[in-house]
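One structure is given below, encoded as structure tokens.
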Amino acid sequence: MSQHFETKAIRINSSKSNQKEHSSPIYLTSSFTFDSAEEARATFADEIEGNIYSRYANPNTSELIEKICAAEGTEDGIATASGMAAMFASIASLLQQGDHILASRSLFGSTHQLLTRIFPKWGISSTYGDISDYENWDRLIQPNTKMLFLETPSNPGLEIIDLEWAGKFAESHNLILVVDNCFATPYLQQPAKWGAHLVAHSATKFIDGQGRVLGGLILGKKELIKEVQFFTRHTGPAISPFNSWILSKSMETLAVRMDRHCSSALKIAEHFQSHPEIEQVRYPFLKSHPQYHLAIKQMSQGGGILTLQLKGGLTRVQRFIDQLEMISITANLGDSRTIITHPASTTHSKLSEEERLRVGITDGLVRVSVGLEHPEDILSDIEKALERSKK
Ligand SMILES: *Cc1c(COP(=O)(O)O)cnc(C)c1O
């Protein structure tokens, strides 16, 4: 019988060194040695397996990749220094001048910059589609469309894209489907199951889970990963072995952490649903979420992020944020500490107002990354700040 998620996340380990350590050591080394000139030759020629250089592979990084592959149900993967390095490499390695990307409109801020400001410099163009009209996506396809790039749930609007639809759409148009699975983590959602060719992550968020290190991942079938790997090995966005070690350790607790993030987030979302100071709460597993039925179909729980639409304008929201006593004001998410972010003035401030409004980022919207503190303490901090920030 195949083992469960938690067991694999804990028990997949790099092989023991001759010290017989119980916990994987950190292989903080840039290169690896060979016993002979012949072994060096054969390793470089791919005739035998072996580590060469940490830009190519490292035991800590290999352990992390093996764990995430077991979690996502993918064959192989690559770890990168940050989530954005993963997003960039998954596109840049597979597309070339003249190609076109079709993407969901609600994307992480820097991914939006990649598509609109960076890739056009090399002649790779993109078009956004809205999830409210899937019927029209056929018309967004161009003869040179090669890739479908999606993020679900989206940051920060928590839009849910139908992954089953996406898998079929990509297949019928012969597109490479890339899904940014950062918000859900492989514990809640496995896009490869629905036909995603590449699953990309910012491991900086819930996978680390404690706000310590940056990291990114690209996962998929062996042959496709090989193409991406050629690009990453020679362009150099390699992750530090130390960060891989941290992230592999974090995988051991991902399931228990996500269970708590999700149960607390749901509790808080339900609590503020009928609050006089809140106009709207959005959380994938609330029945009021516009894509609730999709969320429960493709995610096992609702995730650790919710958004609150406060009554009153920008100054009210700022007063509210300033009145919080415990919750941190920072742009990260997926931390053990609860975080509040005002996307319109921070993470998404580079978007025009029109671009922001099209993806639901109003001045009154705050994103809450629900941490692992006791849910009643999180609730009470928000409650008190709402009360104190009333005129
Ligand atoms: C944070 C984030 C990224 C970028 O990851 P970094 O590790 O910060 O480079 C990409 N996509 C989503 C959805 C994110 O939340």
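The values are calculated or read from the model by the stated rules, or taken from the named source; none is laboratory data. If you're wondering where the values come from, they're calculated on a predicted model, not measured in any experiment. Heads up, the Cβs are rebuilt from the backbone with ideal geometry, glycines too, and the neighbour counts pull from every protein chain shown. Surface areas here come from the heavy atoms of the whole protein model, side chains and all, with no ligands, DNA or RNA. Shrake-Rupley method; radii C 1.70, N 1.55, O 1.52, S 1.80 Å.
Against the conditions (1) open to solvent by 30 Å² or more (accessible area, probe 1.4 Å); (2) outside any loop (DSSP other than H, G, I, E, B); (3) free of Cβ contacts under 8 Å to residues at least 60 places away in the same chain, residue 88 satisfies every one except (3). Under the condition of being surrounded by 15 or more Cβ atoms within 10 Å (Cβ to Cβ) and not in a helix (DSSP H, G or I), the residues counted in region 1-12 number 1. Answer with yes or no whether residue 101 is without any contact (Cβ under 8 Å) to a residue 60 or more places away in the chain, within 16 Å of the ligand (Cβ to nearest atom), open to solvent by 50 Å² or more (accessible area, probe 1.4 Å) and not in a loop (DSSP other than H, G, I, E, B). Spelling it out, it is not the case that residue 101 is without any contact (Cβ under 8 Å) to a residue 60 or more places away in the chain, within 16 Å of the ligand (Cβ to nearest atom), open to solvent by 50 Å² or more (accessible area, probe 1.4 Å) and not in a loop (DSSP other than H, G, I, E, B). Of all residues in region 43-90, those satisfying the criterion of being within 16 Å of the ligand (Cβ to nearest atom) and of a type outside the set (A, V, I, L, M, F, W, C) are 61, 72, 77, 80, 82, 83, 90.
In region 242-253, what residues are part of a helix (DSSP H, G or I), open to solvent by 50 Å² or more (accessible area, probe 1.4 Å) and touching a helix residue (DSSP H, G or I) at 6+ places or on another chain (Cβ under 6 Å)?
245
Screening the candidates 281, 256 for the property of being farther than 27 Å from residue 29 by Cα and part of a strand (DSSP E or B) yields one hit, 281. Every test in (1) under 30 Å from residue 280 (Cβ atoms); (2) within 15 Å of the ligand (Cβ to nearest atom); (3) not charged (D, E, K, R) is passed by residue 132 save one, and that test is (2). Which one is most open to solvent (accessible area, probe 1.4 Å), of the residues in region 209-241 that are within 19 Å of the chain's Cα centre (by Cα) and free of Cβ contacts under 8 Å to residues at least 40 places away in the same chain? Step by step, filter region 209-241, then rank; the result is 212. Evaluate the following for residue 17: is it surrounded by fewer than 17 Cβ atoms within 10 Å (Cβ to Cβ) and among the hydroxyl-bearing types (Ser, Thr, Tyr)? So residue 17 fits the description; yes.
Table: residues versus (1) of a type in the set (Phe, Trp, Tyr); (2) in contact with a strand residue (DSSP E or B) (Cβ under 8 Å, 6 or more places away or on another chain); (3) over 29 Å from residue 289 (Cα atoms).
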| site | (1), (2), (3) |
| --- | --- |
| 91 | no, yes, yes |
| 96 | no, no, yes |
| 106 | no, yes, no |
| 109 | no, no, no |
| 122 | yes, no, yes |
| 139 | no, no, no |
| 142 | no, yes, yes |
| 146 | no, yes, yes |
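Of the candidates 330, 347, 315, the single residue that is open to solvent by 30 Å² or more (accessible area, probe 1.4 Å) and within 24 Å of residue 161 (Cβ to Cβ) is 347.
Return the residues of region 254-291 that are within 22 Å of residue 162 (Cβ to Cβ) and in contact with a Lys or Arg (Cβ under 7 Å, 6 or more places away or on another chain); say none if nothing qualifies. Result: 289, single match.
Scanning region 156-167 for residues that are open to solvent by 10 Å² or more (accessible area, probe 1.4 Å) and on the phi > 0 side of the Ramachandran plot yields nothing. Open to solvent by 60 Å² or more (accessible area, probe 1.4 Å) and of a type outside the set (Asp, Glu) - does that describe any residue in region 57-68? No, there is no match, as no residue in region 57-68 is open to solvent by 60 Å² or more (accessible area, probe 1.4 Å) and of a type outside the set (Asp, Glu).
Do we have any residue at all in region 193-215 that's aromatic (Phe, Trp, Tyr) and within 16 Å of the ligand (Cβ to nearest atom)? The answer is yes, given that some residue of region 193-215 is aromatic (Phe, Trp, Tyr) and within 16 Å of the ligand (Cβ to nearest atom). Within region 159-191, the set of residues being touching a helix residue (DSSP H, G or I) at 6+ places or on another chain (Cβ under 9 Å), part of a loop (DSSP other than H, G, I, E, B) and not acidic (Asp, Glu) comprises 160, 161, 173, 175, 181, 182, 184, 189, 190.
Restricting attention to region 333-344, and to residues there that are away from the ligand (no atom under 14 Å from the Cβ) and open to solvent by less than 50 Å² (accessible area, probe 1.4 Å), which single residue is nearest to residue 250 (Cα to Cα)? Applying the filter and picking the extreme gives 336. The residue of region 122-155 that is surrounded by the fewest Cβ atoms within 10 Å (Cβ to Cβ), among those that are under 22 Å from the mean Cα position of the chain (by Cα) and in a loop (DSSP other than H, G, I, E, B), is 130.
When 24, 62, 31, 14 are checked against the criterion of being without any contact (Cβ under 8 Å) to a residue 60 or more places away in the chain, in the same structural domain as residue 237 (by TED's automatic domain parsing) and touching a Pro at 6+ places or on another chain (Cβ under 9 Å), a single residue qualifies: 14. Scanning region 27-66 for residues that are in a helix (DSSP H, G or I) and closer than 30 Å to residue 112 by Cβ yields 61, 64, 65.
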